[in-house]
1. Does Gln273 fit the bill of being over 28 Å from Leu39 (Cβ atoms), at pLDDT 95 or above and among the polar types (S, T, N, Q)?
2. So Val208 ticks every box in (1) surrounded by 19 or more Cβ atoms within 10 Å (Cβ to Cβ); (2) of a type in the set (Val, Ile, Thr); (3) at pLDDT below 95 but one. Which box is left unticked?
3. From the list Glu229, Glu236, Glu224, exactly one residue is within 18 Å of Leu204 (Cα to Cα) and of a type in the set (Asp, Glu). Which is it?
4. Only one of Ile168, Ile154, Ile214, Ile163 is over 26 Å from Met100 (Cα atoms) and buried (at least 17 other Cβ atoms within 10 Å of the Cβ). Can you tell me which?
5. Go over the candidates Glu252, Glu275, Glu279, Glu236 one by one and state the one that is over 21 Å from the mean Cα position of the chain (by Cα) and free of Cβ contacts under 8 Å to residues at least 12 places away in the same chain.
6. Can you name the condition, by its number, that Cys30 falls short on among (1) surrounded by 20 or more Cβ atoms within 10 Å (Cβ to Cβ); (2) modelled with pLDDT of 95 or more?
7. Keeping to the stretch 112-129, report how many residues are aromatic (Phe, Trp, Tyr) and in a strand (DSSP E or B).
Amino acid sequence: MEYEGQICRAPMERSSFMLPIMVGCSYNRCRFCNLFRHLKYRELSLEQIKGELTRVKAVGGKPRRIFLGDGNAFAQDNERLTEILKMIRQYFPECEEINMDATVTSIRRRTDAELEAFCRLGVRHLYLGIESGLDDVLAFMEKDHDQGQAYEAIERLHQAGMIYDAHIMTGVAGKGRGTENAHALAEFLNRTRPAHVVNFSMFLHKEVPLYQNILDGSFVPSSEKENLEEERCLIERITADLLYDGFHDYIEFRVRGRLPKDREKMLAHLDKQIEETPEAEVYSYVQGECPALERCDGRSVWQNV
């Protein structure tokens with residue numbers, strides 16, 4: 001199948017067979033996201049999906065892990081998603097797990113029986129864009145859920161036998177709120193117990209609605225140094241047993257390990273990077289198609305584009 005758009009999946013899925021079942025994201029309203037804004041959302045036909053399964057099987061493929069794309073695949077209606085899962089089991093009975101992105105809303109609109117049925121059909125990991133631990137930040141970024149709804153959805157997900165993995169973003173609360181966000185997010189992660197946490201430290205893009213908020217002053221971004229300090233505060237407070245992977249594209253820095261076991265090693269790694277990162281207000285700024293990064297120092301970047 002010829003893939004349309006940009007491949008977007010968690011690093012844990014890098015060795016999975018990625019099976020597109022739609023193009024774009026059915027939600028596509030997060031203020032900071034540019035991954036799917038250039039695409040017109042549409043579902044791929046069952047015949048197209050069947051053709052891709054046939055092609056992979058014909059060349060000897062026997063994937064044990066399959067990731068369904070694009071964004072928010074779990075929002076497909078029950079009948080369609082059930083049919084796709086059954087097709088996968090028919091072609092690849094050896095497949096051990098089927099994973100995909102989801103939203104809190106796409107979980108909440110399922111019944112407990114429907115969630116359990118998806119688990120029986122092989123759905124294991126759902127990746128949720130939690131992003132922040134603060135309700136006002138979630139509302140501003142148009143995440144379509146609040147913390148109470150997320151707690152309820154994740155508990156039902158666990159009860160159905162599925163695993164939840166969290167995507168978060170240091171810097172999403174803006175300048176001066178990193179510590180506040182880290183405390184709230186640590187509490188959320190400790191209570192909801194994700195298997196993995198992936199932290200894509202926030203980068204800024206001129207083609208998303210958030211850019212206009214930066215121009216009019218209603219959102220003031222945090223610097224790379226602030227994001228590192230926020231991440232340190234978060235890691236210091238996570239007590240749940242989970243795998244953590246944090247990315248900072250601009251400064252080409254990554255911190256990962258199992259918490260709480262590797263906490264001290266991870267904090268030492270962060271402390272070294274914090275010390276080496278200049279006090280100047282430096283931002284991760286994307287100009288053009290992600291992930292083409294243009295490195296810009298100082299606030300002048302917002303005045304020169």
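1. Spelling it out, Gln273 is indeed over 28 Å from Leu39 (Cβ atoms), at pLDDT 95 or above and among the polar types (S, T, N, Q).
2. Against the list (1) surrounded by 19 or more Cβ atoms within 10 Å (Cβ to Cβ); (2) of a type in the set (Val, Ile, Thr); (3) at pLDDT below 95, Val208 comes up short only on (1).
3. Of Glu229, Glu236, Glu224, the one residue that is within 18 Å of Leu204 (Cα to Cα) and of a type in the set (Asp, Glu) is Glu224.
4. That would be Ile214, the only listed residue that is over 26 Å from Met100 (Cα atoms) and buried (at least 17 other Cβ atoms within 10 Å of the Cβ).
5. Unique residue meeting the criteria: Glu275.
6. (2)
7. Counting residues in the stretch 112-129 that are aromatic (Phe, Trp, Tyr) and in a strand (DSSP E or B) gives 1.
To keep it simple, each residue is scored yes or no on (1) β-branched (Val, Ile, Thr); (2) over 25 Å from the mean Cα position of the chain (by Cα); (3) crowded, with 17+ Cβ neighbours inside 10 Å.
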{"residue": "Leu46", "(1), (2), (3)": "no, yes, no"}
{"residue": "Gly51", "(1), (2), (3)": "no, yes, no"}
{"residue": "Val56", "(1), (2), (3)": "yes, yes, yes"}
{"residue": "Val59", "(1), (2), (3)": "yes, yes, no"}
{"residue": "Asn72", "(1), (2), (3)": "no, no, yes"}
{"residue": "Glu79", "(1), (2), (3)": "no, yes, no"}
{"residue": "Glu96", "(1), (2), (3)": "no, no, no"}
{"residue": "Asn99", "(1), (2), (3)": "no, no, yes"}
{"residue": "Thr103", "(1), (2), (3)": "yes, no, yes"}
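The values are calculated or read from the model by the stated rules, or taken from the named source; none is laboratory data. Please read all numbers here as calculations on a predicted model, not as lab measurements. Neighbour counts run over all protein chains shown; Cβ positions are idealised from the backbone, glycine included.
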